[in-house]
Amino acid sequence: MSPFEGLLHGFAVAVTPVNLLVGFVGAIVGTVIGVLPGLGPLGTMALLLPLTYGMDPVTGMILFAGIYFGAMYGGSTTSILLNMPGEAASVITVMEGYQMTLRGRAGAALAVSAVGSFIAGTASILALSFMAPTLADAALKFGPAEYFAVALVGLLIMARLTGGSLAKSLMLIAVGAALGTVGMESVAGYARYTFGQPMLAQGIDFLPAAMGLFGLSEVLATLDDPDQKVAIRKVPLRELWPTVLEWRRSFWPMIRGSFIGFCAGLLPGPSPVIASMVSYSVERRLDKSGEFGKGAIEGVAGPEAANNAAVGGAYVPLLALGIPFTPAMAVVMAVLLINHVSPGPLLISSHPDLFWGVIASMYIGNFMLLVFNLPLVGVFASIIRTPLHYLMPLVLLLCLVGVYSINNSMLDVWLMIGFGILGYAMKRLDYNPAPLVLALVLGPIMERSFRESMMLAGGNLATFVTRPISASILAVGLLVTVAPLLIRMRRMAGPRRNVSEAT
Amino acid sequence: MNRNVLFTGAVLAAGIVYLAMALRMPLGSVAFPGPGFYPSAVGVFLVLAAAVCFGMALVQAKKERPAAAMPERSEPGRPCIAPTIPLIALMMLYAVSLPYLGFIPAISAFLLIAMRIFGHRSWGRGMLITCVVVAVSYIGFVYWLNVPLPRGLLDEYL
């Protein structure tokens, strides 16, 4: 099936009353979550996972795609209007977006943000339509050694790109990988780190960990400043249209942002955040207006396009290889696994309804978000007026009941509370929890792949470097890890060399 | 003591225990890795990474000590963790009581007290909101999502 035929088939699957309604609900929920600082798309998707149990897997995937894209749209609203990013990927938008609001150009910023998000989202979905099947075909040549290499390099790249100290990220990856070994080992049935507790034999599910580290910790953090009040600036509908000059200045940043975002989405790590940061840096370097820092529209158009495009890019490794490179994609993978669908290279050929249906729904969802977000921007922004003493207990209720409903297990409730406390402590100490969660997901994949590789290779470790694909992937990982260190050493040696030459 | 030193120290200690337990499991061979093979490798990596972070935290703490000794150089506006302690205790109490009390009593009490912790002052309005939210949640989770929520010992006896 060619991509064009696939898309047509996908639209036939997606354009049903149920799927359209679910896509719409997902987009609205995602926008609301994006507006509200705290929960984030990952926590919301983890919370709503039980909703997908009775659903068709296509419908479940459509819901989550709507939430993820919606959150990117919603996060920019509060960044622009309130100087308060509702979502991590919208932090960069605050820099220029709020300055535009202070200059009376809030409407233009919102419109450019929405249109840029739509263009980038559409472009990334188009790229996903072509790239995922191609990569899936290539991945049919992957063996256990290649999957081990991809998982290992994915974690190394995540450690590099997460920001902050590399040592801290590596330590958290090790913690996540260690937690992933808890439970009944799959080959010999050996109980590892269960301390005699039967409940621990099933292992530590990553969902309670994700909900605790990302959701619960945010709720605890709001207690640090519960009296925060926000003043919402009203934007009349007539002021939403940018000028011709503003559109002209936004066009190429949107295109560049789309490309940067999609490429960033292919990489492990917080891709929407990275994409928006890289896009902002690029636009700043290319800026000739001198307005950066004072409300440059390029600083809104580029990053907002980038963070939306990253969402489409993030789906490629999951749908083509069956490996999630972000915690959010791990939740999407859970939707598939719950419905007994194994993500991987054979997904597209064995479940074309699912793959093309989700892709088509992303197009539809993006369009819905563009149409509804602009006129309803005031409504979405006013949601943030909901007092915390109503909102946070409600979020906690959803977390506590939702996590129990995953496996009907009290262990999951206790794990979520424990991870919530850990996540709060990590937040206070400036540690990013994403590497820990991703290692919790990828660790078991790494172990399984390593064992299978060694059994096939008769214990010969050289198999990872003698197989061309595995060797190439490991070489990329080595480059990403070592190159910044070498560059830094060269820079440090540079001034010393100049001083010795001068004397 | 510096919080980062405590945190990384705790991770290092946990890593050492983890590694010690992994080495006591059957390691197998490289060709046929046993249950302890991968955890041992992870344990070594964890101990090394945590040791580096612990060292970095100690160095940082030493640099900050002269500054911390000067009382006028305090950190204004640094958030205090005290308000989170009641909420954490409440969540733990909820988890302990849920199997015995059942969903409706446990979550109702939780919501009411959680609203107080977040600053809500009116008991009457709080109880009304709690009733509505618990009713909607119960219907949503039990009848729509078919999640069997705990009924508690009281419900089993009645």
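The values are calculated or read from the model by the stated rules, or taken from the named source; none is laboratory data. This structure is a prediction, so every number in the text was calculated from the model and none was measured. Cβ: placed from backbone, ideal geometry, glycine included. Neighbour counts: every protein chain shown.
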Checklist entry - Considering only the stretch A:170-190, how many residues are within 17 Å of residue B:24 (Cβ to Cβ), hydrophobic (A, V, I, L, M, F, W, C) and at the interface with chain B (Cβ under 9 Å from one of its Cβ atoms)? => result 2
Checklist entry - Among (1) within 30 Å of residue A:136 (Cβ to Cβ); (2) at pLDDT 80 or above; (3) crowded, with 19+ Cβ neighbours inside 10 Å, where does residue A:406 come up short? => result (2)
Checklist entry - Considering only the stretch A:435-490, how many residues are more than 14 Å from chain B (Cβ to nearest Cβ) and among the polar types (S, T, N, Q)? => result 3
Checklist entry - Which residue pairs have Cβ atoms under 9 Å apart, sit 6 or more places apart or on different chains, and have a first residue in the stretch B:18-37 that is at the interface with chain A (Cβ under 9 Å from one of its Cβ atoms) and of a type in the set (Gly, Ala, Ser) and a second that is surrounded by fewer than 14 Cβ atoms within 10 Å (Cβ to Cβ) and part of a helix (DSSP H, G or I)? => result B:36/B:23
Next on the checklist: I need the full set of residues from the stretch B:2-17 which are within 7 Å of another protein chain (Cβ to nearest Cβ) and over 19 Å from residue B:42 (Cβ atoms), in order please.
Outcome noted: B:3, B:4, B:7
Checklist entry - Among the residues of the stretch A:305-320, is any among the hydrophobic types (A, V, I, L, M, F, W, C) and surrounded by fewer than 22 Cβ atoms within 10 Å (Cβ to Cβ)? => result no
Next on the checklist: Can you find a residue that is within 14 Å of another protein chain (Cβ to nearest Cβ), free of Cβ contacts under 8 Å to residues at least 40 places away in the same chain, surrounded by fewer than 24 Cβ atoms within 10 Å (Cβ to Cβ) and not hydrophobic (A, V, I, L, M, F, W, C) anywhere in the stretch A:52-70?
Outcome noted: yes
Item to check | Residue count, the stretch A:395-410 (criterion: more than 10 Å from chain B (Cβ to nearest Cβ) and over 23 Å from residue A:36 (Cβ atoms)) | outcome: 2
Checklist entry - What number goes with the only condition from (1) without any contact (Cβ under 8 Å) to a residue 12 or more places away in the chain; (2) buried (at least 18 other Cβ atoms within 10 Å of the Cβ) that residue A:371 does not pass? => result (2)
Item to check | the stretch A:254-307: number of residues that are in a helix (DSSP H, G or I) and over 17 Å from residue A:100 (Cβ atoms) | outcome: 24
Checklist entry - In the stretch B:38-60, which residues are of a type in the set (S, T, N, Q) and touching a residue at least 24 places away in the same chain (Cβ under 8 Å)? => result B:60
Checklist entry - Only one of (1) surrounded by fewer than 22 Cβ atoms within 10 Å (Cβ to Cβ); (2) in a helix (DSSP H, G or I) is not met by residue A:473, so which one is it? => result (1)
Checklist entry - Tell me, which helices (runs of 4 or more DSSP H) wholly within the stretch B:59-158 include 3 or more residues that are modelled with pLDDT of 90 or more? => result B:84-101, B:103-117, B:123-138
Checklist entry - Residues in the stretch A:260-274: is at least one buried (at least 19 other Cβ atoms within 10 Å of the Cβ) and free of Cβ contacts under 8 Å to residues at least 40 places away in the same chain? => result no
Next on the checklist: Could you check the stretch A:44-95 and list, in sequence order, the residues that are closer than 29 Å to residue A:110 by Cβ and among the charged types (D, E, K, R)?
Outcome noted: A:87
